[in-house]
Amino acid sequence: MHAARPPTIYTDTRQLAWMLLPSSAIVIALGARALSEGEKGFAAFFLALGVWAAVMCICQFASNGKQASMTVGDEGVSFADGTIVAFRDVENITVMEQFGQMPVQCLSIIFDVGPEVPVKQGGRSVRRSFMLSHVYGNISFVGKRRMFCFMTPGLRIMGGKRQNDDDVSAELFGRFEAFQQR
């Protein structure tokens, strides 16, 4: 019998916001320049893109480190929105870097669950529009596979350092395998 370990609590990072902050200023400056040259279409596009990036930065900074985004325990995983994925219901876990070429980490963790687990189809959300951590359920149209997907622009242990996708994967898979071996 394995001894119970304390849960690992993850929170969001500011890494995406630090990248977008100078980008939003540059894009807004490009919009202002296009407006001064009479290019209203380009100006509107650049100004809208710059404002979107600036709002994304504000959202990232405001939500950073204030609450647990994901808590990994010996029995399963819980999320800030109250969603709980018990390891007894999980058939497979996939962790991937959503945008591998970006200079920031954008993790997607997919929990494939059994066909009897209730999963509500997730829709578009404001949280997704601003790349904030969120979890949503999904029922695939191919094979009716059920899953929960957690997307985040980066994680760190609450009160600790930033974790890369390998660190998060090792913790998650280690706990999942320990549960399966009981």
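Here are the numbers for the structure shown:
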item: Residue in segment 76-93 that is at pLDDT 90 or above, part of a helix (DSSP H, G or I) and open to solvent by 30 Å² or more (accessible area, probe 1.4 Å) present; result: yes
item: In segment 122-174, residue modelled with the highest pLDDT [restricted to those that are part of a strand (DSSP E or B) and in contact with a Pro (Cβ under 9 Å, 6 or more places away or on another chain)]; result: R146
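The values are calculated or read from the model by the stated rules, or taken from the named source; none is laboratory data. Every value quoted in this text rests on a predicted model; they were computed, and no experiment measured them. Positions of Cβ are generated from backbone atoms using ideal geometry, with glycine treated the same way; all protein chains shown enter the neighbour counts. All accessible areas refer to the heavy atoms of the entire protein, side chains included, with ligands and DNA or RNA removed. Shrake-Rupley method; radii C 1.70, N 1.55, O 1.52, S 1.80 Å.
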